[in-house]
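A.B. asks: Structure provided below as structure tokens; questions to follow.
The values are calculated or read from the model by the stated rules, or taken from the named source; none is laboratory data. This one's a predicted model, so the numbers in the text were calculated from it and none came from an experiment. Glycine also receives a Cβ, built like all others from the backbone with ideal geometry; neighbour counts cover every protein chain displayed. These accessible areas exclude ligands, DNA and RNA; they are computed on the full protein's heavy atoms, side chains included. Shrake-Rupley method; radii C 1.70, N 1.55, O 1.52, S 1.80 Å.
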Amino acid sequence: MTISIPPSNPEPLKSLQPKGWMRYLSFSLDHKVIGLQYMVCGFIFYLIGGALASAIRIELTSPMSDFMARDVYNQVLTLHGTIMIFLWIVPVVNGAFGNYLIPFYVGARDMAFPRLNAVAFWLIPPAGLMLISSYFINGAAQSGWTAYPPLSITTPAAGQIIWIISVLLLGGSSIFGGINFIATILKLRRPGLKLMQLPMYCWAMLGTSILVVLSTPVLAGTLILLSFDIVAHTGFFNPELGGNVIVYQHLFWFYSHPAVYIMVLPAFGLVSEILPVHCRKPLFGYTTMVYSIMGIVFLGLIVWAHHMFTSGTPPWMRLFFTIATAFIAVPTGIKFFNWVATLWGGRISLNTAILFSCGFIVNFVLGGITGVALAQVPFDVHVHDTYFVVAHFHYIVYGGSVFVIFSSIYHWFPKATGKMLNENLGRFHFLITFIGFNLCFAPQHWLGLNGMPRRVAEYDPQFTFVNQISSAGALLMALSTLPFLWNVFHSLFKGDEAGDNPWRGLTPEWLTSSPPPVENWNGEAPLVTEPYGYGKTKVPEPLNQIGTKD
Amino acid sequence: MTTTTPLEKDSQSEVPEKGSTHEHADHRLFGLITFLIADGMTFAGFFAAYLTFKAVNPLLPDAIYELELPLPTLNTVLLLVSSATFHRAGNALQKQNSKLCQKWLLITASLGLAFLASQMVEYFTLPFGLTDNLYASTFYALTGFHGLHVTLGSILIFIVWWQVKAPGGQLTHKNSFLLEAAELYWHFVDGIWVILFIILYLL
Ligand code: HEM
Ligand SMILES: [Cu+2]
């Protein structure tokens, strides 16, 4: 038996939540509402961060700083990075999809701590607004998303302090979320459901949450020390007062290397959910997937100094971190081959969801290869702090995580709204995103190899043409948002009815109505012990179709 | 492949899940432990910073950084004893002896306040201030952050005491989550102090 459907309870449960669209502005405790709150809030910040990115690319079409003053450029760059990481990718791949899907996957009615969950979400909008408003008050922070001292100590204090407070709030939100995910996955599992029967996204979220809980507090402590340096003029990281900037870098990257996995591990999980559904085959190598996630979690905690090869890091340390980083490519590679093997020989429907997932696989491999190259000291010393690094991480963060976010939106939109997105428009969206993305970031490898430094508003005129190509790609990426937004709004009102299980999926969220009722199922949760039994298991009729739409 | 209906009754044992979200078993203690791990990592970051500073940044020529032992040793004793008294309070509640429980809680809270007072005395008698040098700053940051934890813990104990005392109070031997949580937190804060004492004063 792989799926058992309990009898449906004919009486719908009383709703405890506000109804209608107002509930999305309320302190709702429903995990699905909170998930969508994360999603929409994150997307608004994505649009803001994207506008900032466009400003950066416009500035870089010419070698002089003519579009913005230099210090404004620094502020825009800092806001762009901080918003994209802390207000878009981290909250969306974790908070949005995690809250929406995890309770379904473990067969629960909500997260373990619904109230904490709502608090975690409601920390985000004020933190984001505060961060952005700092630009209009006294000028935003100028020291990049890394806030390295002494730069962050010497640039205007007000913006930097607001930046620190916002990041502390967002870090707190992230920790609360992590605690909730760990408790939900380990403790709220439905009776009869074993750990090794969970959908892969649960494992990804478990691993991610472990990273969140272990590393985010270290960032918080570090930023508190940094704020002392700025406000109270202590000298923790100020060499003039006998302090040590390298300690900041170690502590910062102890969080921020895991942070890159906090952004990409959930995306791995989501892809592992989407691929099997659309190629009608079981996920290849479930067990190896689980072990490689845990391997990445462990190794991810001990590779941070590969960001510091040019910081006077002693040779033995460089050697250790090069080797550890090389090792992390192994579990990552295993996952890559597992996805390819899942696709192999499947009956693939080339819809938008799978196009974005395949786009992810391609981009991620390219970003992973440049990552392994960057971990080699002789190479890194050459390209550190150049556009090569910018290209590397955008291949991972945009080509990886953002592509997966879009893939997931196309995949789960019918579940959350009951409407289908338009496929033709979706494929068009994929095409220009993919072309725009590669046009924007592929040339940056060349720029970096030829020595163009990152984070500077001006550059050597020889780089002008290639920068203009990159900016053209950015323009295409910006435009690609339009068909997507049109698609979402149009489908929300005029889209085809999705039905409860349009993709004929086997994971539990598909076994209830679209959108699901307030506590997910009217009766008891279905027991799915083989979530990827495609080709073996008959797709059951969804539960509680009648009278349950809220 | 089969689709079985209805679900066999025997497969659902531990977790009563009957309709409402809020009826599953209580996982708050588990959540608290996870939180304390996170909190512990903040301290770990501070300790790592302190030890690295110590290893690579020599003290500037005219800087003063000398710590006396008697007062912090007394502090260590105060906190260790308070851990034991808190445990007593928990036992008393289990035995449904509310009066005794309240007594031990008050003793614990007083020990916490005594710790804070003696910490203040130390602060005012030390020959260096927050911004004097790197070690001074780290010393104050670490002990201050820990002191903040003790302060919160003491407030928490008073809340627990109030809840045990109040007529028809919510804290009974059947519903003792708040007391258990506060106790766990208090043991954690004491444990951190012992590590802090070793690293800051003894090493
Ligand atoms: C395949 C595994 C990976 C390896 C071996 C790797 C390696 C590296 C190395 C060595 C650097 C430092 C380059 C330098 O500053 O000189 C770097 C930078 C970076 N990587 Fe990766 N990386 C990998 C995967 C990822 C992933 C999965 C992400 C994000 C989801 C990511 C995001 C970043 C970011 C954001 C930076 C730049 C940080 C900054 O200085 O602002 N990388 N990577
Ligand atoms: Cu890294």
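A.B. asks: Report ³J(HN,Hα) in whole Hz for each residue of segment A:27-34, in order, from the Karplus equation J = 6.51 cos²θ - 1.76 cosθ + 1.60 where θ = phi - 60°; Gly and Pro get x.
C.D. replies: For segment A:27-34, the Karplus-derived couplings read 7, 6, 9, 6, 4, 6, 5, 5 Hz, x marking Gly and Pro.
A.B. asks: Over segment B:76-203, with the other protein chains present, what is the accessible area per residue in square angstrom, probe 1.4 angstrom?
C.D. replies: Result: 45 Å² of accessible area for each residue.
A.B. asks: Now for a separate question. Dipole of segment A:418-550, Cα-centred, from +1 at each Lys and Arg C-beta and -1 at each Asp and Glu C-beta, to the nearest 20 debye?
C.D. replies: Dipole of segment A:418-550, to the nearest 20 debye: 360 debye.
A.B. asks: Tell me, what ³J(HN,Hα) does each residue in segment A:438-444 have, in order and in whole Hz, if you take phi through Karplus 6.51 cos²θ - 1.76 cosθ + 1.60 with θ = phi - 60° and put x for Gly and Pro?
C.D. replies: Values per residue, Gly and Pro as x: 5, 5, 6, 9, 4, x, 5 Hz.
A.B. asks: On to the next question. In segment A:322-387, what chymotrypsin sites (Phe, Trp or Tyr not before Pro) fall in a loop by DSSP, with at most 13 other Cβ atoms inside 10 Å?
C.D. replies: Those that pass, being in a loop and sparsely packed, are A:344.
A.B. asks: Long-range amide H contacts for residue A:386: which residues qualify at under 5 Å (H placed 1.01 Å from N, peptide plane, sequence gap of 5 or more or a different chain)?
C.D. replies: A:454
A.B. asks: Heavy-atom accessible area per residue, segment A:28-511, 1.4 Å probe: how many Å²?
C.D. replies: Per-residue value: 33 Å².
A.B. asks: With the Cα gyration tensor of segment A:185-325 in hand, give its eigenvalues times 5 under a square root as the equivalent ellipsoid semi-axes, listed largest first in whole angstrom.
C.D. replies: Listed largest to smallest, the semi-axes of segment A:185-325 are 38, 18, 11 Å.
A.B. asks: Rounded to the nearest percent, how much of the accessible area of segment A:381-497 (1.4 Å probe, protein heavy atoms only) is carbon and sulfur?
C.D. replies: Solvent-exposed carbon and sulfur of segment A:381-497 make up 70 percent of the total.
A.B. asks: Here's another thing I want to ask about it. With springs only between Cα atoms under 10 Å apart, run a GNM on chain B and tell me which of B:68, B:122, B:180 wobbles the most.
C.D. replies: Looking only at B:68, B:122, B:180, the biggest GNM fluctuation is shown by B:68.
A.B. asks: About its Cα centre, how strong a charge dipole does the protein assembly as shown have in debye, to the nearest 20, once Lys and Arg get +1 and Asp and Glu get -1 at the Cβ?
C.D. replies: 1640
A.B. asks: Out of residues 5 or more away from residue A:419 or on other chains, whose amide H comes under 5 Å of its own, with H placed 1.01 Å from N in the peptide plane?
C.D. replies: When sequence neighbours closer than 5 places are left aside, the close amide H contacts are A:498.
A.B. asks: Expressed in nm², what is the orientationally averaged projection area of the convex hull enclosing the Cα positions of segment A:28-511?
C.D. replies: 21.6
A.B. asks: Within chain A, what is the longest stretch that has no trypsin sites (Lys or Arg not before Pro) placed in a DSSP loop and near at most 14 other beta-carbon atoms within 10 Å?
C.D. replies: With a cap of 14 other Cβ atoms within 10 Å, the longest stretch comes to A:20-193.
A.B. asks: Next question. Please compute the contact order of segment A:186-338 in relative form: average sequence separation of alpha-carbon pairs under 8 Å and at least six residues apart, divided by the residue count, as a percent.
C.D. replies: About 27 percent, as a whole number.
A.B. asks: Positive end of the dipole of the protein assembly as shown, charges at C-beta (+1 Lys, Arg; -1 Asp, Glu), about the Cα centre: which of A:91, B:145, A:128 has its Cα farthest in that direction?
C.D. replies: Going by the charge dipole, the pick is A:91.
A.B. asks: On to the next question. Using the structure shown, select from A:281/A:415; A:187/A:335; A:187/B:174; A:187/B:54; A:194/A:494; A:335/A:415 the pairs with a Cα to Cα distance greater than 31 angstrom.
C.D. replies: Result: A:187/B:54; A:194/A:494 exceed 31 Å.
A.B. asks: Sticking with this structure for a sec: Give the shape of chain B as rounded, prolate or oblate, defined through the alpha-carbon gyration tensor: a ≥ b ≥ c are the square roots of its eigenvalues, a/c under 1.5 means rounded, and otherwise the shape is prolate if a/b is larger than b/c and oblate if not.
C.D. replies: oblate
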